[in-house]
Structure formats: structure tokens, C-alpha cells
Amino acid sequence: MPSLKPFRAPALAIALALAALPRAHAEVPADAGVEVAPDAGVTLALAKAPAEAPPPPPPGSARYRYLAIVEDDGVGSGHSGDFLVFQLGGGWYGVEPFADRAWLLQFGATVVARGGWLANQHPFADYLGGRATGDVELGHRFQADRPWSTYLGLRVAGDLAVLAHPGLALGKLNTINDSSGFGGVTADGFARLSAGGSFLDAGHSFVVSAFGEELGRAARVNGNGVAFTGGGLAVRLDFPTGFRATVEGFWGVSQPRVNPALNLTDQTSRGEVRGDVRVFIGSHVSLGLTASLGRDINHLVYGDTHVAFDTANAPDFAATLNLGIVPGGVQ
């Protein structure tokens, strides 16, 4: 067997030379996500966990819009008497966030043929005509990247109805029993500034707010026009998968009106509560209920005697069942 002695001296010299060399470490970039272990003579790179998790993706946004054939059946009571009414036409509704959820658009509009009976004479009087409504609110979400956000919105709405008694011109409705608020030309509208909170994610949209409002009511068959300045609270909840609900309350007062002939000052206050619920059956049918209850109170002051009292006006009430057929489905 060959002897290893001739190799022992060179090997020992090489080992001593290596031990005398300075220890070097591989250069690792500071942002490479690794750290270097300073072990003797050996360079190791150990994986280091990231300092913080990446931000979650932005939440989704609830949105929908649809065109519908609408059929409404309603009952109610007002200044002129009880009534029964039917409507058939079309409607367009929706909720649409945009600009990366910073803005929220809510809208609805209907155009319908309208007819019904008013119990302002025995046994009742029939009326035929049409109605158009429109409602749009544009709101700003100040924390758009979060589900919950402070909210500031501007809303405008209008309601125009024209109902005539067959065989009698619109201008002659004041020659029969009063139909104010139902027959003739009925026009209402309001402008509203809202402030509150908005919750928006992929499943639903929820807005709760306090508002200031200017409500206008045009002259009736036997009544003057009036404007109310006031405010209230509103809540709206939308599920794109098939549910919508709105509840709001309002209280406002008019400017005083002076009747020089009677030396009388008249100021009207109005309070009302409105609600709407709509449920979708699949994507092509909706069922709903709309209801409202309100009352005007007139504060009268006689200038000569300074006698003041409030009138006991009858409340006005309406409830309507809604059926919607959505040929194209909810989008």
C-alpha cells in the first residue's frame, strides 16, 4: 500500500494558509428580505418574514339598476275624502357608486297612467289622467376606501299628477265638490341637503342621514301653494340581490301669510312620515309597499284681538301595493 507521508506536509501548509485568510460574507441587498447569520467561516442566508402584511384589496360595491313595468293599487284619505287609485306604466331605478366609491348615485323615476275614485260626493267621483315622478340623490363618501364613510348628499325630487273628471274641464273642477290634493293638477317637489354616514360593500348599501329640506306644494283646485322649510331623518338600505327599504320623517313650517281683509296671519306647519319596502322575487318580479302619513296644522293669529289657535286639520294617508315586472332582469 502506498504511503501518505509525502502529502501530509503540503496539506498542513494549505490548511494553515486558509485559516489565516479574513472571513468574508456574501453581500446581500438590504431590501432582499433576508438576513445574514455571522457563523464562523460559513456564510448562511436565512429567509426573513415580511415586516407587515400587504394591504387587503379594496372592498366591492353594491350596485344595481333596472327598468320595470309597474302596476300600483292604492288607497288613502285626505282633505277631500277617501280614495281608491290604480296606476300602470314604467319605472327606472338604481344605485350606482362611481369614482372608486367616492360618489354614490341613487335614482328612481316613473311615468304612469292613473285613474281612480274619490269619495268627495255621493257615492264617488271618477278621475282619469297620468302621473310622473322623479327622484335623484348624489352623495359624496369622504372615506371612499373604507366600508363606513361620512356622507354628504344633495337630493331633488318631483311629483306631478294630472287627473280630470270625465266630462268636465280641468279649469271647472272648482265648480264641484273639492278634490284638492287628488284631482286637477297636483305638483309637489323638494330639494334636500343631507349629512350622515354611508356603509358600502359588495353586499349592500346603507345610508343614514339628517337633512334640511325645502318642500314646495303648488296651488290646488281650491287651495293656495305653500313652501315648507324644515328637516328630518332618513334611512335607506339596498341589497342588489333583492331588497330595498326607505324610511324618513320630516317636519317643516311655512312663512306667515297675512290676510288684510280679515286682519289674520296664517302659518302652516307640516309633519309627515314616509316608508317604502320592495322585495325581488328572482330577477324579474318585484313586490312592494309604499305608505305615508302626514298632517298640516294652521296657526292662526287675529291682529285685533291677538287671539291665536291651531286648526285641527284631518291627516292625509296613503298606502300602495306595487308590482313590478323587470323584462331585462336586475343588472
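Restricting attention to the range 134-185, the residues being polar (S, T, N, Q) and free of Cβ contacts under 8 Å to residues at least 24 places away in the same chain number 2. Every test in (1) surrounded by 16 or more Cβ atoms within 10 Å (Cβ to Cβ); (2) without any contact (Cβ under 8 Å) to a residue 60 or more places away in the chain is passed by LEU289 save one, and that test is (1). PHE317 fulfils the conditions (1) more than 23 Å from GLY153 (Cα to Cα); (2) among the aromatic types (Phe, Trp, Tyr); (3) in contact with a Lys or Arg (Cβ under 7 Å, 6 or more places away or on another chain) except for a single criterion, (3). Taking the range 233-298 and the strands (runs of 3 or more DSSP E) fully enclosed by it, the elements with 1 or more residues that are touching a Lys or Arg at 6+ places or on another chain (Cβ under 7 Å), among the β-branched types (Val, Ile, Thr) and closer than 17 Å to GLY324 by Cβ are at 243-253. Counting only residues that are farther than 30 Å from ALA144 by Cα and in a loop (DSSP other than H, G, I, E, B), the range 64-107 holds 2 of them.
Scoring VAL226 on the criteria (1) exposed (fewer than 15 other Cβ atoms within 10 Å of the Cβ); (2) within 30 Å of THR311 (Cβ to Cβ); (3) in contact (Cβ under 8 Å) with a residue 40 or more places away in the chain leaves a single failure, condition (1).
Only one of the numbered conditions (1) on the phi < 0 side of the Ramachandran plot; (2) of a type in the set (A, V, I, L, M, F, W, C); (3) in contact (Cβ under 8 Å) with a residue 40 or more places away in the chain is violated by ALA99, and that is (1). For the range 169-199, taking the residues that are more than 30 Å from PRO147 (Cβ to Cβ) and of a type in the set (A, V, I, L, M), the one that is surrounded by the most Cβ atoms within 10 Å (Cβ to Cβ) is identified as LEU173.
Condition check ((1) in contact with a Ser or Thr (Cβ under 7 Å, 6 or more places away or on another chain); (2) at pLDDT 95 or above; (3) among the aromatic types (Phe, Trp, Tyr)) across all residues:
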{"site": "ARG192", "(1), (2), (3)": "no, yes, no"}
{"site": "GLY231", "(1), (2), (3)": "no, yes, no"}
{"site": "GLY242", "(1), (2), (3)": "no, no, no"}
{"site": "VAL247", "(1), (2), (3)": "no, yes, no"}
{"site": "VAL258", "(1), (2), (3)": "yes, no, no"}
{"site": "ASN263", "(1), (2), (3)": "no, no, no"}
{"site": "GLN267", "(1), (2), (3)": "yes, no, no"}
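When ARG236, ARG274 are checked against the criterion of being touching a strand residue (DSSP E or B) at 6+ places or on another chain (Cβ under 6 Å), under 23 Å from GLY153 (Cα atoms) and surrounded by fewer than 18 Cβ atoms within 10 Å (Cβ to Cβ), a single residue qualifies: ARG274. When only residues in the range 184-224 that are touching a strand residue (DSSP E or B) at 6+ places or on another chain (Cβ under 6 Å) and part of a loop (DSSP other than H, G, I, E, B) count, which is farthest from GLU137 (Cα to Cα)? It comes out as VAL221. None of LEU138, LEU128 is assigned to a strand (DSSP E or B), aliphatic (A, V, I, L, M) and more than 21 Å from SER209 (Cβ to Cβ) except LEU128. Residues in the range 292-329 that are loosely packed, with under 14 Cβ neighbours inside 10 Å, farther than 26 Å from PRO260 by Cα and of a type in the set (Gly, Ala, Ser): ALA314, GLY328, GLY329. I need the full set of residues from the range 305-331 which are part of a strand (DSSP E or B) and closer than 28 Å to GLU272 by Cα, in order please. Correct list: ALA308, PHE309, ASP310, ASP316, PHE317, ALA318, ALA319, THR320, LEU321, ASN322, LEU323, GLY324. SER77 fulfils the conditions (1) at positive phi; (2) touching a residue at least 60 places away in the same chain (Cβ under 8 Å) except for a single criterion, (1). The lone criterion from (1) surrounded by fewer than 19 Cβ atoms within 10 Å (Cβ to Cβ); (2) out of contact with any Leu (no Cβ under 7 Å at 6 or more places or on another chain) left unmet by GLY115 is number (2).
The values are calculated or read from the model by the stated rules, or taken from the named source; none is laboratory data. Here the structure is a predicted model, which means the values were calculated and not measured. Because the Cβ atoms are built from the backbone with ideal geometry, glycine has one as well, and the counts that use them run over all protein chains shown.
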